[in-house]
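The structure appears right after this line, and notes come after that.
The values are calculated or read from the model by the stated rules, or taken from the named source; none is laboratory data. Only a predicted model underlies this, so the values are computations on that prediction, with no experimental measurement involved. Neighbour counts run over all protein chains shown; Cβ positions are idealised from the backbone, glycine included. In case anyone asks, the SASA skips ligands and DNA or RNA and just uses the protein heavy atoms, side chains included. Shrake-Rupley method; radii C 1.70, N 1.55, O 1.52, S 1.80 Å.
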Amino acid sequence: MLRAFIMMYAIASYVAFLAVCLWLMAFLLDVGSIRTNETGTPAIHAAAIDVLLISLFGLVHSVMARPAFKRHWTRIIPKAAERATYVLQSSVLLAVIMLFWQPIPFVIWNAEGAAKLLMLAVFFGGWGLIVIAIFALDHFEFTGLRQAWSHFDGSAIPTPLFRTPLLYRIVRHPLQLGIVLVVFSVPELTGGGLLFASSMLAYTLIGLRFEERALLREFGEEYAVYRRRVPMLVPRLPVISSAIAKHRT
């Protein structure tokens with residue numbers, strides 16, 4: 001009974017994750033003015049609320065990702081449900097940001113014509129990069145479905161392996177690179193949009209430092225060599241050429 005419940009819980013978490021991703025896409029593109037709809041909140045108060053919302057997301061997201069927290073957390077919840085719970089809380093807190101976001105409406109840029117098409121290409125390219133990066137390692141492990149399924153059918157939960165598929169030979173964190181591209185490449189950027197994008201960039205850079213420490217502890221010298229060879233977020237031409245050559249062979 002518990003195994004079936006964890007499996008259904010993981011599926012529900014996955015559905016919530018997909019729904020929030022679609023909502024985020026609409027939020028960033030301001031479909032129906034859902035991001036810039038006036039609330040009458042003064043800009044200084046709006047900025048304070050928005051920063052508080054993003055800080056809450058970042059704090060919980062970062063704490064729950066730490067190995068020490070996971071060790072204690074899995075004494076309370078089944079290990080098979082840990083990743084699905086992490087995905088679910090991320091989705092819920094991101095939904096809270098979008099639901100209670102306070103607009104700062106002054107326009108920083110509003111691209112038109114070819115410039116708008118270029119920015120939209122970067123925007124959707126960033127989403128494509130996110131999807132490819134997740135699937136390149138293991139989409140179902142990333143979302144917690146694989147752990148729940150392994151528990152459901154009685155097989156061992158897969159042990160994380162250090163792998164570097166093509167994108168990961170170009171930058172160490174293609175998923176986060178995709179996120180940065182997405183939040184900054186909206187055709188119309190307002191003060192609130194800039195606050196959202198800048199906060200997400202700051203959180204990404206801070207979070208990656210903690211993530212890399214955890215990866216060094218988990219994979220040791222293998223990851224240290226990889227970190228020296230491959231840039232974090234900004235691709236370098238020699239690295240791209242080398243990665244493509246290795247992929248072809």
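Things worth noting here:
- The stretch 78-91, subset among the aliphatic types (A, V, I, L, M) and open to solvent by less than 30 Å² (accessible area, probe 1.4 Å), residue nearest to Arg213 (Cα to Cα): Val87
Conditions tested, residue by residue: (1) in contact with a strand residue (DSSP E or B) (Cβ under 7 Å, 6 or more places away or on another chain); (2) open to solvent by less than 40 Å² (accessible area, probe 1.4 Å).
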site	(1), (2)
Pro165	no, yes
Leu175	no, yes
Ile179	no, no
Phe184	no, no
Gly191	yes, yes
Leu201	no, no
Arg209	no, no
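- Residue list for the stretch 28-42, restricted to those being surrounded by fewer than 15 Cβ atoms within 10 Å (Cβ to Cβ), at negative phi and over 27 Å from the mean Cα position of the chain (by Cα): Glu38, Thr39, Pro42
- Number of positions in the stretch 45-77 that are among the β-branched types (Val, Ile, Thr), open to solvent by less than 60 Å² (accessible area, probe 1.4 Å) and part of a helix (DSSP H, G or I): 2
- Failed criterion for Met119 (all others in (1) modelled with pLDDT of 90 or more; (2) under 17 Å from the mean Cα position of the chain (by Cα) hold): (2)
- A search for C-beta distances below 7 Å between a residue of the stretch 225-245 that is more than 7 Å from Val171 (Cβ to Cβ) and open to solvent by 60 Å² or more (accessible area, probe 1.4 Å) and any residue that is at pLDDT below 90 and of a type in the set (A, V, I, L, M), counting only pairs 6+ apart in sequence or on different chains, returns nothing.
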